[in-house]
Amino acid sequence: MPVTRPRRKVALEIDPHHRGPPHSDGSGGSSHEQGDPLRHPDLEHVARRLRGQYDEVLEAEQYAAFAASRRLRSLRDRLLEAEDRGELTIASCSDGQLYRGVVEAVGTDHFVLIEDGRTRFVSISHVVGMEFA
C-alpha cells in the first residue's frame, strides 16, 4: 500500500481594500486583463531586457535570411526583381557589347530589354556582368 503525505491547508489573508498595483491608464484592472503581463512594475526590468534580446535575435535572423537569399538567388531571379521594379539595366555580354534598357520580360534562358521603343532579346548564358540602376 503506497504511503501518501497528508495535504496541508494554507489560509490566505486577503485585504478586501487592496486594489492591486497602480496602472498608468487608471483602469485598476489587472495587467493580465490589459494584455501584457510584463507591464507589472516588478517585471519591467526583465521585460526590457527580454525585449532587447528579442530585437537583437530578430535582427540577426533577418540578416542571416537576407544573406542566404543573396547567396542562393540566380541572375534570373535578379532579372525578375528588376522587371518588377522597372529598373534600368545594363548587361555586359561575352561579345563585348553593352546592352541597356528596362527589363520588359524574363524567360527561362533569356530576358528582354526595351530602350527608346526598341526591343532586344539577350541570352542569359552570354551575360558576363550586369548593373542595375
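Being surrounded by 10 or more Cβ atoms within 10 Å (Cβ to Cβ), at pLDDT below 85 and small (Gly, Ala, Ser) is the filter here, so list the residues in the stretch 20-73 that pass it.
Gly20, Gly28, Gly29, Ser30, Ser31, Ala47, Ser69
Would you say Phe111 is at pLDDT 95 or above, surrounded by 14 or more Cβ atoms within 10 Å (Cβ to Cβ) and either touching a strand residue (DSSP E or B) at 6+ places or on another chain (Cβ under 7 Å) or among the acidic types (Asp, Glu) (or both)? Give the steps one after another, and end with the answer.
Numbers: at pLDDT 95 or above: yes; surrounded by 14 or more Cβ atoms within 10 Å (Cβ to Cβ): yes; either touching a strand residue (DSSP E or B) at 6+ places or on another chain (Cβ under 7 Å) or among the acidic types (Asp, Glu) (or both): yes.
Answer is yes for this residue.
So, of the residues in the stretch 77-94 that are surrounded by 15 or more Cβ atoms within 10 Å (Cβ to Cβ) and in contact with a helix residue (DSSP H, G or I) (Cβ under 6 Å, 6 or more places away or on another chain), which turns out to be nearest to His110 (Cα to Cα)?
Checked the stretch 77-94; the qualifying residue nearest to His110 (Cα to Cα) is Cys93.
I'm trying to understand the selection: among the residues of the stretch 72-119, which are more than 13 Å from Phe132 (Cα to Cα) and of a type in the set (Val, Ile, Thr)?
Those that are more than 13 Å from Phe132 (Cα to Cα) and of a type in the set (Val, Ile, Thr): Val106, Thr108, Val112, Ile114, Thr119.
For every residue, the table says whether it meets (1) in contact (Cβ under 8 Å) with a residue 40 or more places away in the chain; (2) closer than 12 Å to Ala82 by Cβ; (3) over 33 Å from the mean Cα position of the chain (by Cα).
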{"position": "Gln97", "(1), (2), (3)": "no, no, yes"}
{"position": "Val102", "(1), (2), (3)": "no, yes, no"}
{"position": "Glu115", "(1), (2), (3)": "no, no, yes"}
{"position": "Arg120", "(1), (2), (3)": "no, no, yes"}
{"position": "Val128", "(1), (2), (3)": "no, no, no"}
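The values are calculated or read from the model by the stated rules, or taken from the named source; none is laboratory data. None of the values given here were measured: they were computed from a predicted structure. All Cβ positions, even for glycine, are placed from backbone atoms using ideal geometry, and neighbour counts span all protein chains on display.
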